[in-house]
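Engineer: Right, I'll just put the structure down here and ask away after.
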Amino acid sequence: MNNKISVIISSRNRLSLLEQALECFLNQSLNFDQYEILVGDSYATDKADRLINKLRVKYPLASLRYYYVATVGGLTLTRNVLVENCKNDIIVQGDDDAMPGSNYLEEA
């Protein structure tokens, strides 16, 4: 069994909130090899892919993956896409408007 964590975050046109949430998840007490972050961009127009690329440069050791979901299907469809692409057994649902503390994933 793989005890590493996959964090899934769905977002749509809330770029500034998404950036704040990702910064929180990228500054956890766990090492980057203990978790991955998957971001689902649900039919958005705000170019979150640019934000993800900027954060990949800032945090080169982090596993940060981006999925643009072009099908209109809402939050559930986007979450399903993210879950299908997780590499780890433990899945933690994040939100683009939730700012977890630095030990959030360690406690999970």
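Engineer: Residue by residue through segment 21-38, note down the ones that are touching a residue at least 60 places away in the same chain (Cβ under 8 Å) and either over 11 Å from the mean Cα position of the chain (by Cα) or buried (at least 19 other Cβ atoms within 10 Å of the Cβ) (or both). Let's see the steps before the verdict.
Structural biologist: Start the filter on segment 21-38 by keeping residues that are touching a residue at least 60 places away in the same chain (Cβ under 8 Å), which leaves 21, 24-25, 27-30, 34-35.
Passing the criteria: A21, F25, N27, Q28, S29, L30, Q34, Y35.
Okay, residues lined up against (1) touching a helix residue (DSSP H, G or I) at 6+ places or on another chain (Cβ under 6 Å); (2) over 18 Å from E19 (Cβ atoms); (3) among the aliphatic types (A, V, I, L, M):
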position	(1), (2), (3)
Y67	yes, no, no
V72	no, yes, yes
N85	no, yes, no
G101	no, no, no
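Engineer: Quick one: in segment 39-67, which of the residues that are farther than 18 Å from L105 by Cβ and assigned to a loop (DSSP other than H, G, I, E, B) is least open to solvent (accessible area, probe 1.4 Å)?
Structural biologist: A44
Engineer: If you don't mind, there's one more thing I want to ask. Within segment 39-89, can you find the residues that are polar (S, T, N, Q) and free of Cβ contacts under 8 Å to residues at least 40 places away in the same chain?
Structural biologist: Within segment 39-89, the first condition is being polar (S, T, N, Q), and the residues that meet it are 42, 45, 53, 63, 71, 76, 78, 80, 85, 88.
Those that are polar (S, T, N, Q) and free of Cβ contacts under 8 Å to residues at least 40 places away in the same chain: S42, T45, N53, S63, T71, T76, N80.
Engineer: Next question, about the same structure. Within the bounds of segment 75-92, is there any residue that is in a loop (DSSP other than H, G, I, E, B), touching a Leu at 6+ places or on another chain (Cβ under 8 Å), acidic (D, E) and loosely packed, with under 15 Cβ neighbours inside 10 Å? Give the steps one after another, and end with the answer.
Structural biologist: Just the residues of segment 75-92 that are in a loop (DSSP other than H, G, I, E, B), to begin with: 85-89.
Still in the running and touching a Leu at 6+ places or on another chain (Cβ under 8 Å): 85-86.
Narrowing the set further to residues that are acidic (D, E) leaves none.
For segment 75-92, residues in a loop (DSSP other than H, G, I, E, B), touching a Leu at 6+ places or on another chain (Cβ under 8 Å), acidic (D, E) and loosely packed, with under 15 Cβ neighbours inside 10 Å: absent.
Engineer: Please enumerate the residues belonging to segment 1-20 that are farther than 20 Å from E84 by Cα and open to solvent by 10 Å² or more (accessible area, probe 1.4 Å). Give the derivation first.
Structural biologist: Initial filter on segment 1-20 (farther than 20 Å from E84 by Cα): 13-20.
Matches in segment 1-20: N13, R14, L15, S16, L17, E19, Q20.
Engineer: Here's something else I'd like to know. Here is a list: E36, E19. Which entry is among the acidic types (D, E) and either closer than 18 Å to K4 by Cβ or touching a Gly at 6+ places or on another chain (Cβ under 8 Å) (or both)?
Structural biologist: On the way: E19 fails: either closer than 18 Å to K4 by Cβ or touching a Gly at 6+ places or on another chain (Cβ under 8 Å) (or both).
None of the other options fit; the residue is E36.
Engineer: Answer with yes or no whether D97 is out of contact with any His (no Cβ under 7 Å at 6 or more places or on another chain), open to solvent by 70 Å² or more (accessible area, probe 1.4 Å), assigned to a loop (DSSP other than H, G, I, E, B) and of a type in the set (D, E).
Structural biologist: Yes.
The values are calculated or read from the model by the stated rules, or taken from the named source; none is laboratory data. From a predicted model like this one, the values you see are computed outputs, not experimental measurements. So basically every Cβ, Gly included, is an ideal-geometry build from the backbone, and we count neighbours across all protein chains shown. Remember, those area values only see protein heavy atoms, side chains included, never the ligands or the DNA or RNA. Shrake-Rupley method; radii C 1.70, N 1.55, O 1.52, S 1.80 Å.
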